[in-house]
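Engineer: What follows is a single structure, and I will ask about it in a moment.
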Amino acid sequence: MNYSPRFDWLRGVLAFVVVLQHADLVPWHNSGPFAVHVFFVLSGWLIGGILLDVQPKQLPRFFYNRTLRIWVPYFIGLVLLLGLGFVRDAITPKWLEIAAYKATMVYNVFGTRQLAAHVNEMPLHGSCSHFWSGNAEEQFYLITPLLLVLLRWRGLGQSPWLWVAICAWMIFDGTQYGGLSMGVLARIVLRDNEVHL
């Protein structure tokens with residue numbers, strides 16, 4: 001799959017829309033969630049395209065690259081924000097619980113549903129809740145290679161029907177991985193007809 005700088009421009013615009021929506025500078029209140037879902041579809045498309053050509057013995061390199069791209073900036077940001085919260089906030093068991101969810105990249109599963117009830121007990125009063133999207137992507141990067149690469153030998157991993165079922169389950173269940181899965185499905189369906197954007 002050829003690199004396209006248009007993807008980077010689009011992802012930059014989508015990130016900017018999320019920032020503007022969080023600052024209440026965009027009148028459409030669903031602009032942020034919409035931008036995140038489009039971003040997820042693009043991530044699924046790009047990572048799915050990479051994984052379609054990866055052999056099982058190349059998976060350690062894939063995970064190493066993902067770790068450098070995600071974990072390093074994630075943990076630098078997390079340390080800075082939690083450090084600021086540690087200085088400014090009252091440290092309670094709930095604060096420590098939420099900090100642990102963020103440090104283990106499962107905040108999107110266990111922390112976001114507590115936001116409304118415990119926002120004032122969270123680090124920086126919940127202002128770091130945007131970490132959920134990075135957590136969802138990291139979980140996607142861990143599981144998708146297993147499905148696409150390791151199930152290839154059974155003819156399952158790259159089956160469009162498997163990914164249709166995964167997308168349907170993710171979307172109807174309301175999980176955060178629907179857009180990511182749809183991007184992978186689109187890449188699988190179009191892999192024989194390379195699309196240049």
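Engineer: Suppose every Lys and Arg Cβ carries +1 and every Asp and Glu Cβ carries -1, with no other charges. What dipole size does the chain come out with about its Cα centre, to the nearest 20 debye?
Structural biologist: The calculation lands at about 440 debye.
Engineer: What is the local net charge at GLY134, summed over the other residues whose Cβ is closer than 14 Å to its Cβ (Lys, Arg +1; Asp, Glu -1)? The partial results should precede the final answer.
Structural biologist: Numbers: positive: ARG11, ARG66, ARG69, LYS102; negative: GLU137, GLU138.
Spelling it out: positives minus negatives among the neighbours equals +2.
Engineer: A further question on this structure: At 0.36 nm per residue, minus the direct Cα-Cα distance, what do PHE75 and ARG6 gain on full extension? Give it in nm, one decimal, please.
Structural biologist: Values: separation 69, 0.36 × 69 = 24.84 nm, distance 2.76 nm.
Between PHE75 and ARG6, full extension yields an extra 22.1 nm.
Engineer: What figure in square angstrom, to the nearest 10, would you give for the accessible area of ASP8 with a 1.4 Å probe?
Structural biologist: Its heavy atoms expose roughly 70 Å² to the probe.
Engineer: Follow-up. Add +1 for every Lys or Arg and -1 for every Asp or Glu among the other residues with Cβ under 11 Å from the Cβ of ILE70, and state the total.
Structural biologist: Summing Lys/Arg as +1 and Asp/Glu as -1 gives 0.
Engineer: Quick one: how many Å² of ILE171 are accessible to a 1.4 Å probe, rounded to 10?
Structural biologist: 90
Engineer: Which value, in Å² rounded to 10, gives the accessible area of HIS130 with a 1.4 Å probe and all protein chains present?
Structural biologist: Answer for HIS130: close to 100 Å² accessible.
Engineer: Leaving ligands, DNA and RNA out of it, rank SER31, SER159 by accessible area with a 1.4 Å probe, largest first.
Structural biologist: SER159, SER31
Engineer: Using 0.36 nm times the number of residues separating ARG88 and LEU146, minus their current alpha carbon distance, what extension gain do you get?
Structural biologist: 16.7 nm
The values are calculated or read from the model by the stated rules, or taken from the named source; none is laboratory data. These figures come from a predicted structure and were not determined experimentally. We place every Cβ from the backbone using ideal geometry, glycine too, and count neighbours over all the protein chains shown. What goes into the accessible areas is simple: the full protein's heavy atoms, side chains included, and nothing from ligands, DNA or RNA. Shrake-Rupley method; radii C 1.70, N 1.55, O 1.52, S 1.80 Å.
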